[in-house]
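Here's the structure, in structure tokens; my notes come after.
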Amino acid sequence: MADRRSSAVIGFRNDSMDRARRVRRLAGIGTAAALGAGALVAGGAGTAVAGPGNGPTAVVSLGDSYISGEAGRWKGNSLTNSGNRTGTDRAWVSGSSYDPGKVYGATAGGCHRSDSAEVKSAGPIADVAINLACSGAVSQNVFRASNGGVAFKGEAPQADQLAAVAASHDVKVIALSIGGNDLGFADIIKECAYDFVLWNSYCYDDQQEGVNQKIDGVMANVGKSVDEVRAVMRGAGYADSSYRIVLQSYPSPIPRGAENRYTQSDWSRLNTGGCPFWNRDSDWARDSLVPQIAGRLKAVAAAKGAQFLDLKDMMQGREVCAKASKQVTTAAPASAKTSEWARWIDSSETQGLVQESMHPNHFGQLAAGRCLALAVAQPASSGFGCKNTAGADQSGMYLTPAP
């Protein structure tokens with residue numbers, strides 16, 4: 001292997017930031033997915049008594065940061081720290097003033113329910129789109145309080161919130177993304193980044209062992225989450241056939257090693273690209289970990305009568321540092337056709353919050369919304385993967401049979 005530490009460290013958007021400080025910043029990734037607070041219902045719950053077959057139709061999202069809208073503030077990644085960050089920062093107000101509430105509303109700094117979150121970007125699949133998901137949520141935050149559910153960031157468990165929505169709306173679709181935080185996905189990212197930046201070692205072997213030890217219990221909790229949703233809906237008078245649950249998997253935010261535009265033999269992956277991972281670890285994450293999780297979630301969906309939406313390939317070629325995509329510059333403006341669809345690791349934390357790292361950004365969320373719309377147009381008993389068309393925006397998303 002080439003000398004992986006041969007070149008001098010260039011400041012990651014801050015030349016005076018030394019590597020040790022950047023490492024400390026990376027520690028924030030471990031708690032990033034565990035942050036969240038905010039409004040009960042994004043989009044508003046009606047006050048009239050409704051329910052199955054009555055009132056405005058609704059599509060509801062439940063779960064964690066990958067569906068709540070974390071990182072929706074960003075339209076690609078730019079090395080420019082000032083102003084609107086070369087057009088990537090949707091929270092920019094003027095000068096050096098930023099208001100994340102422009103994107104996340106009252107949930108800024110917490111649940112991060114963005115205005116472009118999947119359920120909001122899916123288009124007219126229901127009269128109302130209601131986002132109950134929260135960044136950092138685990139399965140216990142979905143369960144009903146009466147059955148082991150735990151409140152999160154000042155909000156009741158999501159199943160209990162769903163009960164109120166089911167009573168005031170005619171719920172047609174419930175999109176669920178859960179299990180990643182139970183499995184410690186954020187900690188895996190953090191440890192792999194540490195191994196690149198600090199320890200000069202690989203993470204895949206130790207992390208795979210940890211995943212194997214946890215995954216059976218995690219999937220049992222995912223299955224219970226689906227059961228809890230069913231129980232709420234039945235309690236509200238809904239027949240199982242009157243709505244659908246769409247259980248989705250997770251997209252990979254980083255490319256395979258061979259598809260990374262930055263060499264691993266220097267510090268460009270950290271300092272320039274914001275993707276501090278070795279090729280070996282990148283390949284493991286992209287071709288082993290993410291598919292493993294997807295396969296297990298597909299099995300849960302089949303066992304519980306939910307529709308499965310596989311997003312593992314959704315950002316192929318659009319990941320952070322992918323050769324097929326570009327960082328945003330004045331010469332390459334922010335565009336869903338050319339820019340990255342995931343938020344990089346801003347280890348200097350000079351732009352926004354580190355909790356946004358490694359999540360689908362604004363463009364990625366538009367794509368996920370299109371995937372959801374395409375899936376909902378298919379029979380509720382079906383399962384599909386969703387992929388992008390190279391060089392196209394979210395309108396180029398298409399379904400493939402779930403493997």
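Data table
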{"quantity": "Within the stretch 56-85, tally of residues that are open to solvent by 30 Å² or more (accessible area, probe 1.4 Å) and farther than 20 Å from Ala159 by Cα", "calculated": "6"}
{"quantity": "Filtered residue count, the stretch 338-366, keeping only those that are of a type in the set (Gly, Ala, Ser) and surrounded by fewer than 24 Cβ atoms within 10 Å (Cβ to Cβ)", "calculated": "2"}
{"quantity": "Close pairs from the stretch 296-317: first of a type in the set (Phe, Trp, Tyr), partner part of a helix (DSSP H, G or I) and open to solvent by less than 30 Å² (accessible area, probe 1.4 Å), Cβ under 6 Å, at least 6 apart", "calculated": "Phe308/Ala301"}
{"quantity": "Positions within the stretch 349-369 being at pLDDT below 95 and touching a Leu at 6+ places or on another chain (Cβ under 7 Å), in sequence order", "calculated": "Gln355"}
{"quantity": "From Ile245, Ile254, residue being among the β-branched types (Val, Ile, Thr), in contact (Cβ under 8 Å) with a residue 60 or more places away in the chain and out of contact with any Phe, Trp or Tyr (no Cβ under 9 Å at 6 or more places or on another chain)", "calculated": "Ile245"}
{"quantity": "Selection status of Leu198, in contact (Cβ under 8 Å) with a residue 12 or more places away in the chain, open to solvent by less than 10 Å² (accessible area, probe 1.4 Å) and either outside any loop (DSSP other than H, G, I, E, B) or not hydroxyl-bearing (Ser, Thr, Tyr) (or both)", "calculated": "no"}
{"quantity": "Where Met233 falls short, out of the listed (1) at pLDDT 95 or above; (2) assigned to a helix (DSSP H, G or I); (3) surrounded by fewer than 22 Cβ atoms within 10 Å (Cβ to Cβ)", "calculated": "(3)"}
{"quantity": "Residue selected from the stretch 254-294 under the condition of a type in the set (S, T, N, Q) and in contact with a strand residue (DSSP E or B) (Cβ under 8 Å, 6 or more places away or on another chain), by the criterion surrounded by the most Cβ atoms within 10 Å (Cβ to Cβ)", "calculated": "Ser282"}
{"quantity": "Total residues in the stretch 244-289, condition within 30 Å of Ala231 (Cβ to Cβ) and among the aliphatic types (A, V, I, L, M)", "calculated": "3"}
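The values are calculated or read from the model by the stated rules, or taken from the named source; none is laboratory data. These figures come from a predicted structure and were not determined experimentally. Cβ atoms come from the backbone with ideal geometry, glycine included; neighbour counts cover every protein chain shown. Protein only, heavy atoms only, side chains kept; ligands, DNA and RNA dropped before computing areas. Shrake-Rupley method; radii C 1.70, N 1.55, O 1.52, S 1.80 Å.
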